[in-house]
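> Handing you a structure now.
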Amino acid sequence: MITSQSNRSFVEATQYSTFILENMHDGLLPENFFRDVSDFGNGDILNIKTVGEAQIQELEENEDIIYTPIETGNVTLAITDYVGDAWYITDVMRQDGAQIEQLKQARAREAIRAIQERRETQALATLNAGQTAGNVNSINGFAHRAIGSGANDTLALVDLIAMKLAFDKAEVPAGGRICIVDPVVGATLNTLYQANVNVDSNPMMQTILTSGFSRDHDYIMDLFGWTIMSSNRLPTVASETIGALSVTDGVANIFMNIADDQTKPLMSAWRQQPQVEGERNQTKRRDQFSQSARWGYGIQRSDTLGVIVTSASAIA
């Protein structure tokens with residue numbers, strides 16, 4: 001008689017699957033949401049010239065016209081982030097372990113993902129820092145920063161309308177307007193405004209929504225010309241007061257225009273794309289690997305940027 005109970009010494013107590021369970025990640029925002037600066041191959045700070053608007057004047061016959069200087073300005077971009085990751089595999093692990101190559105590949109993917117998440121987090125933080133906290137950041141007399149006016153500091157329909165008006169008054173193109181909100185805000189919108197969901201027929205937006213993301217991403221809806229999507233890496237706001245409204249434990253939801261490189265509020269430059277290097281440590285008898293990257297972000301214009309700070313937890 002041969003049974004599992006009478007021959008326990010022939011039953012392996014523990015088995016390991018060849019499937020490696022990796023971490024789950026949400027979607028990353030496409031890099032075409034900001035301008036990739038190609039003429040910043042060296043140096044600390046890149047200066048970019050800006051040109052002001054022409055001022056028209058009334059003229060009278062036989063009277064001199066008034067000459068004014070050309071209004072110019074300057075925005076800057078600096079390489080600010082230098083990040084990396086390192087890991088090793090010992091000889092003993094190679095000799096005794098299984099699926100070592102799969103483990104190396106999984107670890108490398110996690111390293112790349114960590115750099116991508118850091119890059120997106122910095123991008124959204126730079127956009128928020130491009131405005132003055134506690135101020136309406138008025139452009140042509142209309143606020144580009146506000147607190148959610150809904151119950152418990154949630155996003156209300158009127159907030160989207162007000163930001164649309166602010167962009168309209170700033171003469172921001174109607175095409176390419178996007179809003180990146182926290183998933184909590186996305187839940188609020190889905191709860192309150194499901195009847196207003198529309199499918200965006202803009203070819204550029206369709207490309208972004210269908211193939212522009214690194215992984216599945218939460219596209220929420222279109223409202224008043226805003227293509228609304230969510231991210232878990234928006235900047236947090238401990239507390240802020242704008243006018244009569246205040247919020248504690250908030251999140252900065254970002255509004256911007258990405259129609260082309262002239263309208264994008266954010267610019268970025270790579271000084272070093274993610275690069276993996278390996279070496280042999282003979283003393284410790286192990287193979288070592290490292291990955292590093294350098295880049296910088298900067299605000300190139302503020303009139304195509306808006307922020308609405310809402311509660312990070314409340315759902316209307």
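The values are calculated or read from the model by the stated rules, or taken from the named source; none is laboratory data. Predicted model, so just to flag it, every value in this text is computed and none were measured. Cβ coordinates were reconstructed from backbone atoms using ideal geometry, including for glycine residues, and neighbour counts include every protein chain displayed. Side chains are part of the model used for accessible areas, which takes the heavy atoms of the whole protein and leaves out ligands, DNA and RNA. Shrake-Rupley method; radii C 1.70, N 1.55, O 1.52, S 1.80 Å.
> Around Met93, under 13 Å between beta carbons, what's the net of Lys plus Arg minus Asp minus Glu among the other residues?
+2
> Would you mind putting 158-165, 102-109 in packing order, based on average other-beta-carbon counts within 10 Å, highest first?
My ranking of the peptides, most packed first, is 158-165, 102-109.
> Near Ala259, within a Cβ-to-Cβ distance under 12 Å, what is the net charge of the other residues, with Lys and Arg +1 and Asp and Glu -1?
Summing Lys and Arg as +1 and Asp and Glu as -1 gives +1.
> Shifting gears a bit: Using amide H atoms built in the peptide plane, which far-off residues or other-chain residues are under 5 Å from Gln300 H to H?
Amide H neighbours of Gln300, under 5 Å, 5+ apart: Leu266, Met267.
> With all protein chains present, calculate the accessible area of Tyr219 using a 1.4 Å probe and round the result to the nearest 10 Å².
That residue has around 70 Å² of solvent-accessible surface.
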